[in-house]
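The values are calculated or read from the model by the stated rules, or taken from the named source; none is laboratory data. This is a predicted model, so every value here is computed, not measured. For neighbour counting, all protein chains shown are included, and Cβ atoms are generated from backbone atoms with ideal geometry for every residue, glycine included.
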Amino acid sequence: MKFWKRSLSRLWYRAKRIIPTRLFVILWGVGIVFVGIGAVFQVGWLVFLLYNGLLIGFGLFEVISMRNYPDIRVQREFKNIFEQLEKNEVTIHIIAEKPLYTEMWVQDDYPQGFWINKRTFHLVWSGEERQSISYYAKPHRRGRHVFHQVHIRIMGRFRLFLYQLRFNEKAEVHVYPSLEPIRKVRKGVYYKENDEGSYVARSFGAGSEFSHLREYIPDDESRHINWLATARAGKLVSNVYQPEIGQQVAILVDCGRLMGVQDEGSSRLDVSLEAALGFAAIALQRGDRVGFLAFSNEVLRWVPFGVGMKHLRKIIEASYDLEPSYVETDYLSAWEHLAEKLKQRTLIAIFTDMSNLSFSETMDQMIRMTKKKHLILSVSMQDARMIERLKQLPTDERTIYERLVMEELMDERKATLRKWASRQFVSLDVAPEQLASAVIYKYLEIRNHLGLNRLRTSVSI
């Protein structure tokens, strides 16, 4: 019994198989009807032999002729890198060694969970040796995903059987968070959408590092007038400032339990990584040394400080497959790993959840130690659903109670930020869709307008 089970299993899972079509099954059923009618007229066996003999004969001829099909191979091609929740084109090339005349159906084994716009493709071959199909796949999450086999079914000459082929075209793809903030940064200026819907450059002032002296012009700020140089020259002279270069930026991304909360298909960690990569891109473009640290209750990834846009690739590759951990966040473990590597004054940007900031005991300890020498930028996102619920008027006791709880939570967030507010601590707490642009603009404000050495208190709620 086991022998027959193994034999049937091997037959079923073979790469090359002959499958009867719907037409064959219908003809076989019609044959039963004919045999029954023939039996009424005492010619049942004759009808059975003639009908099934013809059906089997045509079927055997078709199966034998399938052996003469030219060899086929397939190639899968990806048109671009894969980004989460973005449409990414996948192309499959079917190549025959000789001209092919038949019909064909093609299916691809895409990763589970991906959305695709089309599953089965129908091709008609009229002497071609190569055809291609394309479809769009939208990944549901970041990380490593695998495309498996390509399945092809070829129609026989009399349409009685299908010749099934299976090609092992296994390919791993890396799905990255949305790289739109990086693309904007690489244009040279981060753009801001105006009221008319177009994009205009946003300026953040001249900078904080002294460059040179020049004669005063009416547009200069009065605080930039150099009175000593003015007295010597006998005319107004202004200081010219430029953005500081060569500063150090540490990007810390919380991968704790609360960062796994989902909102419209993306987790808080997904949105934070998108914003963190845009932040890293603008900092590297401005000449800063950037390091990257991912942590939960322990350090998960560490990319040492580096410069240049090539360093951005290292950060992307180290972060694209991060997943939230089912543990509470320990900020001290991240700080202990980072502290020994900070040899100079550093802007430390922490991408985390506001609830962690409010209730974590280790966050308070970290801020007390870090503020003595470094500058802290905490980046968190508001709960869009909570904001929407607060806009609605309560209608019964349940909604009144829910509103009171949400208002209490919002007050706790504000109180936490006020408690830590100082010249060494700046905080962003904005809607998820604004996170990437808000943190880039805040960095440019610190970097160009204020300078890392003159950070000003700023709380955004």
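Pick from the stretch 368-382 the residues that are in contact with a strand residue (DSSP E or B) (Cβ under 8 Å, 6 or more places away or on another chain) and modelled with pLDDT under 75: which of them is farthest from Val426 (Cα to Cα)?
Result: Thr370.
Where residues in the stretch 7-27 are more than 43 Å from the chain's Cα centre (by Cα) and surrounded by fewer than 12 Cβ atoms within 10 Å (Cβ to Cβ), which of them is modelled with the lowest pLDDT?
This residue is Ser7.
Give me the pairs, please: first residue somewhere in the stretch 67-82 and in contact (Cβ under 8 Å) with a residue 40 or more places away in the chain, second residue anywhere and surrounded by 15 or more Cβ atoms within 10 Å (Cβ to Cβ) and assigned to a loop (DSSP other than H, G, I, E, B), beta-carbon distance under 7 Å, and either six or more positions apart or on two chains.
Taking only residues 6 or more apart or on different chains, the pairs are Val74/Glu169; Arg76/Glu169; Phe82/Pro139.
Among the listed residues Val35, Val30, identify the single one that is touching a helix residue (DSSP H, G or I) at 6+ places or on another chain (Cβ under 6 Å), aliphatic (A, V, I, L, M) and modelled with pLDDT under 90.
Val35
Would you please name the residue that is farthest from Asp429 (Cα to Cα), looking only at residues in the stretch 346-364 that are modelled with pLDDT under 70 and hydrophobic (A, V, I, L, M, F, W, C)?
Among those residues, the one meeting the criterion is Phe359.
Within the stretch 94-110, does at least one residue satisfy the condition of being closer than 30 Å to Ala283 by Cβ and β-branched (Val, Ile, Thr)?
Step one: of the stretch 94-110, the residues closer than 30 Å to Ala283 by Cβ are none.
So far as the stretch 94-110 goes, no, none of its residues is closer than 30 Å to Ala283 by Cβ and β-branched (Val, Ile, Thr).
What residue, of Arg130, Arg153, Arg157, Arg144, is out of contact with any Gly (no Cβ under 9 Å at 6 or more places or on another chain), surrounded by 13 or more Cβ atoms within 10 Å (Cβ to Cβ) and in a strand (DSSP E or B)?
Every option except Arg153 fails the conditions.
Among the candidates Phe48, Phe58, which residue alone is in a helix (DSSP H, G or I) and at pLDDT 85 or above?
Phe58
List pairs: first residue in the stretch 298-326 and closer than 19 Å to Leu284 by Cα, second residue part of a strand (DSSP E or B) and of a type in the set (Lys, Arg) anywhere in the structure, Cβ distance under 8 angstrom, at least six positions apart or on different chains.
Here the result reads Phe305/Arg289; Gly306/Arg289; Val307/Arg289; Ala318/Arg301; Ser319/Arg301, each pair linking the stretch 298-326 to a residue that is part of a strand (DSSP E or B) and of a type in the set (Lys, Arg).
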